[in-house]
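Take a look at the structure below.
Nothing in this text is a laboratory measurement; each read-out follows from the coordinates by a stated rule. A quick note: this is a predicted structure, and the numbers were derived from the prediction, not measured. In this analysis, Cβ positions are derived from the backbone assuming ideal geometry, glycine residues included, and neighbour counts consider all displayed protein chains.
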Amino acid sequence: MAPTNLAEWLQFAVDFFLAFAADFLAFIVIAAAVAAFAFYFGRNRVVPLATSLYAAIPLYLVFPFTSYITTPFLHIALYLVLAFLAFVAFSGLSSFVASASFGLVQLVVLSAAIAGMLIAVSIHILPVEDIYTFSIATKALFDSPEAFFFWLLAPLAAIYIFGRG
């Protein structure tokens, strides 16, 4: 139902921006976690992390026992376990792919791209909507098939651009 008077419009606007701010906080937390990971384990470990997140997508989609998983939390845990296993498998890539570590600005951009990719994956592939409902503004940025494609492309583009220097 559309707002009809000024008070309803103001309430709608406040609710809209508060919901987007809550979703943006989740984006910031994920980006900060990726950056903290890079600072703790080394900045050259971000490429294997991104690679493992990509590899976990098809592994999760073709996992043959998802019918036995009953809760959304277990689905998310399965994706994270598959990503961890892929990270362990790809951990040797850091010496081949990134001979020099990323600078601070590049790390922030790459962390934001990976955070966006994870939110897009959570909206399109994982059953996160059963746990948390994203705002209309966040869905506008991540929900369309085109947005999903570009958020999946963002970390690859960042690695390509920053890895060349």
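The table for this structure:
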| item | result |
| --- | --- |
| Pairs with Cβ under 6 Å, 6+ apart, first in segment 20-43 and more than 15 Å from PRO155 (Cα to Cα), second of a type in the set (A, V, I, L, M, F, W, C) and surrounded by fewer than 17 Cβ atoms within 10 Å (Cβ to Cβ) | PHE20/ALA137 |
| In segment 128-143, the residues that are polar (S, T, N, Q), touching a residue at least 40 places away in the same chain (Cβ under 8 Å) and under 24 Å from ALA77 (Cβ atoms) | THR138 |
| Subset of segment 144-155 [without any contact (Cβ under 8 Å) to a residue 24 or more places away in the chain and either surrounded by 15 or more Cβ atoms within 10 Å (Cβ to Cβ) or within 14 Å of the chain's Cα centre (by Cα) (or both)] | PHE149, PHE150, LEU153 |
| 1 or more residues surrounded by 13 or more Cβ atoms within 10 Å (Cβ to Cβ) and polar (S, T, N, Q): qualifying helices (runs of 4 or more DSSP H) within segment 13-99 | 46-61, 93-97 |
| All positions within segment 133-143 that are in a loop (DSSP other than H, G, I, E, B), under 15 Å from the mean Cα position of the chain (by Cα) and either among the hydroxyl-bearing types (Ser, Thr, Tyr) or within 14 Å of ALA26 (Cα to Cα) (or both) | PHE134 |
| Residues within segment 100-130 that are crowded, with 22+ Cβ neighbours inside 10 Å and part of a loop (DSSP other than H, G, I, E, B), tallied | 1 |
| Members of segment 48-81 found to be free of Cβ contacts under 8 Å to residues at least 12 places away in the same chain, over 18 Å from LEU118 (Cβ atoms) and of a type in the set (Val, Ile, Thr), listed by number | VAL62, ILE69, THR70, THR71 |
